[in-house]
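Note sheet for the following structure.
The values are calculated or read from the model by the stated rules, or taken from the named source; none is laboratory data. Everything numeric here is computed off the predicted structure, so don't read it as measured data. Counting neighbours? That spans all protein chains shown, and the Cβs are built from the backbone with ideal geometry, glycine included. These accessible areas exclude ligands, DNA and RNA; they are computed on the full protein's heavy atoms, side chains included. Shrake-Rupley method; radii C 1.70, N 1.55, O 1.52, S 1.80 Å.
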Amino acid sequence: MGRLGGAGIYIHIPFCKQACHYCDFHFSTSLKKKDELVNALVKELELRKDELKNQNVETIYFGGGTPSLLTIDELQFLISEVYKNYQVVEHPEITLEANPDDLSENIIIQLSKSPINRLSIGIQSFFEADLKLMNRAHNAEEAKKCLSLATRYFENISVDLIYGISGLTNENWIKNIDTVLGFNIPHISSYALTVEPKTALDSFIKKGVIDNVDDDLAQEQFHILIEKLEASGFVHYELSNFGKPDYFSKNNSAYWQGKPYLGIGPSAHSFNGNERGWNVRNNSKYIKSLEVNILPIETEVLSLTDKYNEYIMTGLRTVWGVSLEKVERNFGLQYKRYLLEQSEKYINEHLLYIDGDKLLVTKKGKFLSDGIASDLFKINLT
Ligand code: SF4
């Protein structure tokens, strides 16, 4: 078992109590098909077991949607199906994404007795106005109560926070960060509020009901976040992720380091090193397909250029950077030369820098790293 490579399993739970205004993930607010969906997830786990037959499962991640809408029994059942069909390492990281309004003390106690050993809690903000603007299902009081309970029973906790919300001042943003720090949380994921097409937020902004997001303010708040968290002992190990040493998300780190993962559930994505796959983004179609033992998945084989682009994108987002030696080894000298040529102007503008073998984003370049990465992409296979 020890000689096998590592892999992750992501299980998408496509249900939410209500739709957050900014969200474009796949979910349904009707829980009518929950039982059928859990059965379909089990079927998919069974049908795909050979895809990881040469790998040890190191991480299991319940994402969504809102996985905390499943009962403990349903979560335990899914975990036991993973163990039944896959080779799981001795101490896997098993994460549950959860919303504060689902985490009563009783539920947290039950979760702490289950194999789940990491909670990722969608707090987003401790201010009522922000929570209302985003249409979150919880209020500020619930957010604080949930953290005070969760930290009693779980050590490995991540909290999600959103910045750049219209009306969120720097002063309140600092208070949000300080509140999380006050609970001694070892991992924080934080994202700028982005306006995705066809979301309620997009339509409110177009109608003038809500102000558009202010990129300059978001950038300021991003830098405040980095400064405060680094001063508190966090490592900014990925663009949106900060962890105390030993608390980096193993699931996400594996993804950024190009390890294979199996995505189970409607809309879930998979990657096996050569192919990317994505399941149908519709609960009924997903269930129906699995009822007749057909995997509702489309796949594409990645070209060398696709793999290079993906490596640049993920590498620049992380503290591990882009290894020039790896680019040459995996993609050839031509790609390395291209990368160095394209990087030159960003190096001159102090947005990128080279440290030994690594190409990395400077502090100044961090907020722009996705845009910089796309400029380093290769378009043609030449
Ligand atoms: S709870 Fe999460 S997945 Fe559900 S609507 Fe809100 S942000 Fe989207």
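For this structure, a couple of remarks:
- Test set (1) more than 25 Å from ALA150 (Cα to Cα); (2) modelled with pLDDT of 95 or more; (3) open to solvent by 70 Å² or more (accessible area, probe 1.4 Å) - VAL57 fails condition number: (3)
- Counting residues in segment 358-376 that are open to solvent by 70 Å² or more (accessible area, probe 1.4 Å), in a helix (DSSP H, G or I) and in contact (Cβ under 8 Å) with a residue 12 or more places away in the chain gives one or more.
- Selection count, segment 1-32, where residues are modelled with pLDDT of 95 or more, away from the ligand (no atom under 16 Å from the Cβ) and in a loop (DSSP other than H, G, I, E, B): 1
- Residues being free of Cβ contacts under 8 Å to residues at least 40 places away in the same chain, of a type in the set (Lys, Arg) and crowded, with 17+ Cβ neighbours inside 10 Å - total across segment 86-123: 0
- Inclusion of TYR286 among residues that are in contact with a strand residue (DSSP E or B) (Cβ under 7 Å, 6 or more places away or on another chain) and open to solvent by 40 Å² or more (accessible area, probe 1.4 Å) is not warranted.
- Of the criteria (1) away from the ligand (no atom under 16 Å from the Cβ); (2) open to solvent by 30 Å² or more (accessible area, probe 1.4 Å); (3) without any contact (Cβ under 8 Å) to a residue 40 or more places away in the chain, which one VAL42 fails: (2)
- Scanning segment 133-180 for residues that are surrounded by fewer than 17 Cβ atoms within 10 Å (Cβ to Cβ) and aliphatic (A, V, I, L, M) turns up just one, ILE174.
- For PHE126: the one exception among (1) in contact (Cβ under 8 Å) with a residue 40 or more places away in the chain; (2) in a loop (DSSP other than H, G, I, E, B); (3) within 16 Å of the ligand (Cβ to nearest atom): (3)
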